[in-house]
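A.B. asks: Here's a structure for you.
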Amino acid sequence: MTRRLMPLFAVALCALSFSSCTCGSQTEEAPPKLATRPAPGGFGSVVTPRRAPEVDVPARGMITPNAIEAHTPPAVIGTPLSQTAIPEDFPEGVPVFDGAKVMAVQQLGNKASNVIFDVDADPPQVFNFYKDKMKGSGWKSTGEYQGKDQSFLSFQKDKTVTNVSVSTDPRTGKKVVSVMYYKEEPLPFPEF
């Protein structure tokens, strides 16, 4: 066995002697380490704790809130509602429900108007009235929806579009009819 191991020993001894030999070459120094600094706001960044604002606490330990400043509500597009009669430009052939009172008239954008009526009738009765009378006056129905609390009808005659909505005002319980109308005008740019 020793004869068999002898060549193995010789190879190991040669390998050991060659492994320690540098053959005159020099090893370069390792490059200097770069300074590390954490990325701003990222992992490892330093967070400065915030201090809560100082609050005067009375002897009983109750805090009094600061005064709240009142703000005016945002303006509605168009002119404000006004108490008035039916406008002169109200579309011809649009009926007014029997006993309806004008609550307000509003001028909207794009030369549209909205007349709001107070009626004393059930919403389905008012819906059917406008549906039948408008068609009888030559208005073409372009859409309708009838629901329990709110209904909507849309009509067109020549270039005039009229939308009628029937609803119940949740604050007062009054039945309200809104007749919004405008004239279709050509677009200020060519159509696709």
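The numbers here are math on the coordinates, done by the rules we state, and not lab data. Because the structure is a prediction, the values reported are computed rather than measured. Cβ coordinates were reconstructed from backbone atoms using ideal geometry, including for glycine residues, and neighbour counts include every protein chain displayed.
A.B. asks: At most 11 other Cβ atoms within 10 Å and a DSSP loop assignment: could you name the chymotrypsin sites (Phe, Trp or Tyr not before Pro) in segment 114-184 that fit? Don't skip to the answer; put the middle values down first.
C.D. replies: Details: sites: PHE117, PHE127, PHE129, TYR130, TRP139, TYR145, PHE152, PHE155, TYR181, TYR182; in loops: TRP139.
Sparse-neighbourhood loop chymotrypsin sites (Phe, Trp or Tyr not before Pro): none present.
A.B. asks: Gap in Å between the Cα centre of segment 145-162 and the Cα centre of segment 172-191?
C.D. replies: 10 Å
A.B. asks: Which value, to two decimals, describes the C-alpha radius of gyration of segment 114-192 once divided by 2.2 N^0.38 Å? Don't skip to the answer; put the middle values down first.
C.D. replies: Working: Rg = 14.3 Å, N = 79, 2.2 N^0.38 = 11.6 Å.
Normalised Cα radius of gyration, segment 114-192: 1.24.
A.B. asks: Between THR168 and SER137, what FRET efficiency follows from the Cβ-Cβ distance if R0 is 25 Å, with the result rounded to 0.05?
C.D. replies: Numbers: r = 26 Å, r/R0 = 1.04.
It comes to 0.45.
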